[in-house]
Structure formats: structure tokens, C-alpha cells
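Each remark here refers to the structure printed beneath this line.
The values are calculated or read from the model by the stated rules, or taken from the named source; none is laboratory data. Keep in mind that this is a model prediction, so the values were computed, not measured. Note that each Cβ is placed from the backbone with ideal geometry, even for glycine, and that neighbours are counted across all protein chains shown. Please note that ligands, DNA and RNA were not included when accessible areas were found on the heavy atoms of the full protein model with its side chains. Shrake-Rupley method; radii C 1.70, N 1.55, O 1.52, S 1.80 Å.
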Amino acid sequence: MDVGMAYILREMDASPSGFFSSSRPKEAMGLPHFVFQLGWMTFAIFLFSQAGEWFMKSSGGILSPIWPATGLALALALIFGLERAIPAVYLGALASNFLNGEPLLFLYAGPIGYILVLIISWLAMTKAANIDLEFSGLRDFCQFVILGCLPGPIAGGFYGAALSSISGRLSVSQMLAGFTGFAQANAFGILIFCPLFLFLLRRQDFRPPTKWQRYELLAYIAILAALLAILVHSTEIGLRIRLFAIGTTMLLSLLVALRFGLRPTVLFQALLIFLVPAFAAMDPHRLRDVRILMSGEELQPVVHLFAFAASLGCLLAAAFHDELTALQVKFALAMSSAGLCVWDWSPSGWCCHTPAWREKFGMGPSRIFTDEAVSSMVHPDDLPEFQENFRQLTESQIPHWSQNCRMRDANDRWIPVQIDAQPLRRTSDDRVATVAGVMRDTTQEIEAVKSRISAIETEAQLRTLRSQINPHFLFNALNSIRAMIGRQDTKAKSMITSLGGLLREVLAGRDAKLQSVEKELEIVRDYLDVEAIRFGERIRYHIGCASELLSQRIPGMLVLTLVENAVKHGISKLEKGGAINVQVARSPDAHSLLVFVINDGELREPSKEYSVYGGQGLQNVRERILLATDGRGSFELHQIPGPKVEAIALLPIDPLYLPITQKEHRTTQRIGHSTPPSALS
């Protein structure tokens with residue numbers, strides 16, 4: 001007793017709620033709410049205590065004695081906490097004993113036995129094991145039977161036997177009968193009614209998935225009612241017919257278990273228990289005369305044991321059916337991909353079924369993980385989309401969840417994965433109760449995509465060379481330089497330097513790799529300096545970039561392609577020329593890089609005379625951005641007032657290339673041929 005009390009005290013000190021902590025987070029509530037909850041729980045325990053008395057009076061020989069209030073009490077404790085369940089059990093059982101006219105000793109001491117059953121069962125289920133209260137697997141249900149249905153009722157049976165011995169002199173056989181009766185009634189009550197009320201209070205759906213299966217279940221219930229009516233009201237039928245009817249009832253329960261799973265089977269067995277006293281109450285004088293055998297009461301304990309074992313067997317078969325169904329769904333998902341992690345989710349947590357992936361992500365031997373543990377493994381940039389998709393799936397807003405994201409492995413590396421999931425079970429209000437899914441490593445696929453990017457960028461490089469280093473371009477540049485020699489030697493030297501720098505970068509294949517924003521803008525500056533030779537005062541430009549973004553990496557020649565497009569399709573078409581504004585900045589959420597290229601001109605629609613603005617070049621830009629950013633980047637082209645054309649490229653910011661301290665914003669502005677100091681030099 002001292003050891004047990006020490007354990008209880010230790011549990012009370014372990015958390016703010018201590019020993020009375022619930023299996024789910026507490027909700028904030030005031031005293032009126034607490035009193036209201038305690039009131040309806042007490043009334044429910046009272047009603048089901050009376051139902052237990054009713055069962056024992058009316059169903060002897062057809063069903064075992066059963067006390068459903070035990071199952072209700074354990075369900076309330078698991079969902080709402082012991083601090084509500086314990087007073088509700090005592091007050092409800094006390095009121096029931098008072099109404100039944102129990103002796104003084106049993107009146108006040110009897111409910112303590114039910115509290116003892118409740119505490120032991122609750123401790124065993126919440127402290128000794130991590131049980132999924134959705135009972136999504138056979139293992140969880142077996143743990144519930146072993147830990148929830150056995151230790152508490154057995155201890156309660158000893159308490160009931162001791163209480164009986166205090167009340168009067170009893171023989172050993174009478175003591176044994178009292179022990180077995182109390183233990184068996186409480187065990188049966190927990191077996192059937194604890195899952196029933198866990199499902200009801202969590203709004204689980206008991207209906208089969210299809211309309212015809214629902215009609216089929218109703219047919220089984222109608223057959224059950226007919227068989228029980230015959231058993232209770234027919235006195236002329238023989239023993240064999242009675243045994244046949246009882247056997248058929250058990251087979252019906254087994255058929256429901258194998259067809260529909262745990263929830264409909266629990267409901268079916270609860271109806272079986274309630275229908276017997278309901279039919280017996282139609283003929284009240286027979287309430288104590290319902291028997292399988294007209295004589296031989298010594299066989300009744302064997303019949304009770306058979307009823308409990310048959311019910312347990314059907315429920316185990318139903319739990320096995322649910323797990324088999326879940327495995328079939330997971331296998332179907334597994335067949336759609338390879339090298340995958342099979343997982344599922346329920347309100348109790350996330351469960352990884354693939355040991356190799358548990359080792360890969362350093363999950364350890366635990367089967368169930370909290371939402372917080374899983375969220376901590378997802379990359380911060382991908383977490384909002386991950387959480388939103390999961391919310392939409394569990395609220396039935398989307399039928400299937402598919403997402404690419406990054407997750408942290410055991411070596412603290414970000415692994416790209418693809419997640420696919422779909423609902424497995426739903427509640428009565430169509431919310432998802434269980435999700436099954438698979439996850440696969442997409443590292444090799446991304447490497448293949450990078451190879452494709454390289455091929456596309458090589459082609460882009462050739463197109464850049466053809467468009468920029470053509471005889472017309474070089475002729476105009478060199479002819480303008482020749483005209484300046486002898487008259488504007490300084491500017492001619494500057495233009496030669498710009499042209500040489502541009503040719504060097506293009507011929508070096510810079511557009512086939514990632515490079516810094518700073519280097520990209522230097523190339524753009526050289527290009528615009530050369531083009532200024534051709535257009536003279538017709539071209540004006542401005543280049544601006546926040547200094548902390550200069551080290552960011554972007555696809556090579558990306559900005560140059562946009563600027564070249566602005567000159568070719570915008571400025572060159574205007575008689576008086578125009579201005580080009582190049583800006584690189586952070587997005588409002590600070591997670592992305594925005595590249596703006598704005599030029600005077602109009603965005604023409606496709607026609608016989610004009611092609612699409614930018615044509616294939618801008619389409620290649622869009623594809624390069626999508627491939628280089630795993631689909632997280634974008635590109636848009638708009639007509640804005642002016643008239644002006646605005647090209648916007650969005651690229652994710654890589655924190656690796658951000659400086660520790662933020663520097664001042666610097667810009668470079670060039671007008672015509674003038675060469676003021678560069679912010680990029």
C-alpha cells in the first residue's frame with residue numbers, strides 16, 4: 001500500500017494537473033462549466049448503473065451480468081480526466097444504490113470499488129502503454145483488453161469479495177461467486193461500453209461506407225431482434241432451438257465484425273445487450289425467469305464465461321478487420337511509389353510503420369509521435385503549406401494530399417520528400433478520424449531535374465549567343481566605338497571595356513550555372529552600356545539592389561534575358577526611346593527575392609504582324625525558374641500604366657547567402673552615355 005501511495009503522490013507532482021491529468025490537453029473553463037459537466041456525467045453513471053441492475057435481472061442465462069457504467073466511467077476519464085470522472089462515478093453509483101435499497105455498508109462503500117476499477121484501468125492504459133484510442137490496429141485493441149479490462153476488474157473483484165465477507169459470514173464458494181460476478185460484470189462493461197462511448201464522445205461514424213452496406217447492417221440488426229424476441233418470450237421451444245438461436249446470434253456478431261470492423265461491431269453488441277432487457281420488460285413478471293436451462297443453475301457461470309469469450313472473439317476479429325483494411329489502403333499507396341515510408345495519423349498522433357525511415361530520421365523505437373514532433377522535422381519554408389494541406393485533408397476540404405517538401409534527417413540534413421495521403425476513417429460529421437499515407441525520398445528525381453536544367457540552360461546559352469553576338473550587334477557596337485575614337489577617347493575605351501566584359505561572360509557560359517546577383521547586374525550594366533552606343537539618348541536606365549541581396553544566387557543570365565527582351569521588344573520600338581528600370585528586392589514576407597524589369601512600351605497581343613511579347617525567350621525564363629526552384633519560383637509579365645511593361649521574377653531566398661548584418665541600400669543609376677559611380681563596383 002505504501003508503494004502504491006508513493007506512486008500516486010509522484011504522479012500528482014509530475015505535472016500541473018498531476019495524477020488527475022487527462023489524456024488530452026485541458027480546455028479553459030470556469031466553475032459553472034465544471035459543475036455542468038460533473039452533473040451530466042453523474043446522471044449518466046446513475047442511468048447506466050440502473051441499466052446494469054436491469055441486465056442482471058432480465059438476461060440471466062442469455063447474457064453475462066454486465067455493469068456498463070464501468071465502461072462509461074473509463075471513457076469519461078480518458079477523454080475528460082479523472083478529476084471529473086471520479087466524483088461522477090461515486091455520486092452516480094451512490095444514487096443508484098440508494099434507489100435500489102442497498103444495505104448501509106454497500107450503499108457508501110460499494111461505489112469505492114467502482115472508483116478502484118476506474119483508477120487502475122486508467123493508470124494501466126495511460127501510464128503503462130501508449131494506446132491509440134481510435135483502436136486503429138489490432139495491437140492497440142489487445143492492449144486495451146489486457147490493460148483496461150483485466151487489472152481493474154480483478155482488483156475490484158477482490159474488493160467486492162472483501163466487502164461481502166464483512167457484511168456477513170459467507171462460504172468459500174459464495175466468496176468465489178462474489179469475486180467472479182463483480183470482476184466479470186465490470187470487465188464485460190469495459191469491453192463493450194468503453195469503446196462505444198469513446199467513439200460516441202469523439203463523434204465517430206458507426207455507419208458502413210456505402211448505402212447498401214448500411215441496409216445490410218440494418219438487416220442483421222433486425223434478425224438479431226427477432227432471435228432475441230424468440231429467446232425471451234417463447235417458453236415452449238426446446239433447449240436445442242434455444243442454443244441454436246444463441247449460436248446464430250454469436251455468428252451474426254462475428255459476421256458483422258468481419259464485414260464492417262470494430263465500430264459497427266461494438267454498436268451491434270451494445271444493441272444485443274440492450275435488446276434482451278427491453279424484450280423482457282414487455283413481460284415484467286418474467287424478469288427473473290429468463291434462462292437458457294429450466295434447471296441446473298450451476299451451469300450459469302460457464303454460460304457467462306462463454307458469452308464474454310464469444311463477445312471478445314468477435315471484437316478481436318473486428319479489430320483485425322480494421323487493421324487489414326488499413327494495411328490494404330497503405331499497400332495500395334505503396335504500389336504507386338518505391339522506397340517509401342508508410343505512415344498513418346489519428347488524434348493520438350503520427351505513426352511510422354517503416355523501421356528504415358524511423359532510423360533515417362532519428363525517430364527512435366517509439367511508434368507514435370506528436371504533431372509538434374512531426375512539424376519540427378519539416379523545413380520552416382514548407383511548414384505553412386504542410387499544415388494547411390493537412391488541415392484541409394482532415395476537414396474533408398480536399399480528397400487527397402500530395403505535396404513536395406523538405407524534412408530534416410538524423411544527420412541534420414534537409415531531405416526532399418513527396419507526401420501522398422488519403423482519409424482512412426471519418427466521423428459522423430464527415431471529419432477525418434484517421435489518415436493513411438506514404439512518403440518517398442525524391443533526391444534522385446531532383447538530380448535528374450538538375451540534369452534537365454543543365455540541358456535547358458545550355459540551349460539557352462546558345463540562343464543568347466545567337467541573339468547577342470550577331471554581326472548586326474557587333475557592327476553597330478564597333479562602328480560606334482570607331483566614331484568616338486579621336487573625339488571621345490575616354491568613352492570609347494569605356495565602351496570597349498564594357499563590350500569585352502560582356503563577351504567574356506557570355507562566352508564563359510555564365511548562363512549555364514547559378515551566379516550571384518552582383519555578378520548578374522554587372523553583366524546587365526555592361527550590356528546596357530554597349531546598347532547605349534546604338535541608341536544614344538533614346539535609352540535611359542536605372543539599376544537598384546539592396547546590398548544584403550548582392551550575394552544571393554540566381555540562374556545565370558536570367559536578368560540579362562529580361563533586360564534584352566525589354567530593349568528588343570520595348571525601347572527599340574519607340575521613336576523617342578524610353579527608360580528601363582531594373583530592381584532586385586525582398587518580397588513583403590522577406591522569404592523571396594523579387595526581380596523587376598520595367599520598360600516603356602506596350603505589351604502587344606499575338607497577331608499576324610507581331611509575335612507574343614518576348615516569345616520563346618520568356619517562356620524559357622519561366623521554365624528555368626520553375627525547375628531551378630523546385631516549383632517555388634514564378635514569372636509574370638504585365639502591362640502597367642505609363643504605358644509600361646513589367647516583368648517580375650520571384651525566387652526563394654537562400655539564408656546561406658545572407659550577411660550577418662544588414663547593410664545600407666545602394667543603387668546604381670545610368671542615363672544615356674554618362675557613367676556615374678557604380679554601386680556594384
Ignoring ligands and nucleic acids, what accessible area does ILE45 show with a 1.4 Å probe (Å², nearest 10)?
-> 0 Å²
Label-to-label distance, nm, for residues given as ALA309 and MET282 (7 Å Cα→Cβ offset) | 3.2 nm
Do any trypsin sites (Lys or Arg not before Pro) in segment 520-586 lie in a DSSP loop with no more than 11 other beta carbon atoms within 10 Å, and if so, which?
-> LYS576
Tell me, what are the semi-axes, in whole angstrom and largest first, of the equivalent ellipsoid of segment 78-197 as set by the roots of 5 times the Cα gyration tensor eigenvalues?
-> 27, 17, 11
So what does CYS545 come to for accessible area, using a 1.4 Å probe and Å² rounded to 10?
-> 10 Å²
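How high is the FRET efficiency between ALA177 and ASN100 when r is their beta carbon distance and R₀ equals 25 Å, given to the nearest 0.05?
Once rounded, the FRET efficiency stands at 0.80.
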For TRP414, solvent-accessible area (1.4 Å; no DNA, RNA or ligand), Å² = 90 Å²
Computed FRET efficiency, Cβ-Cβ of ILE223 and GLU385, R0 41 Å: what is it to the nearest 0.05?
-> 0.20
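Can you compute the FRET efficiency between GLU53 and GLU395 using 1/(1 + (r/R0)^6), with r the Cβ-Cβ distance and R0 = 51 Å? Round to the nearest 0.05. Mind showing how you got there, number by number?
Numbers: r = 43 Å, r/R0 = 0.84.
Calculated value: 0.75.
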Rank by packing, highest mean first: peptides 344-350, 640-646, with packing defined as the count of other Cβ atoms within 10 Å averaged across residues.
-> 344-350, 640-646
What do you reckon, how do GLU134, GLU388 stack up by accessible area (1.4 Å probe), largest on top?
-> GLU388, GLU134
With all protein chains present and a 1.4 Å probe, the order of TRP67, TRP212 from largest accessible area down is TRP212, TRP67
For segment 27-150, average projected area of the Cα convex hull in nm² = 9.1 nm²
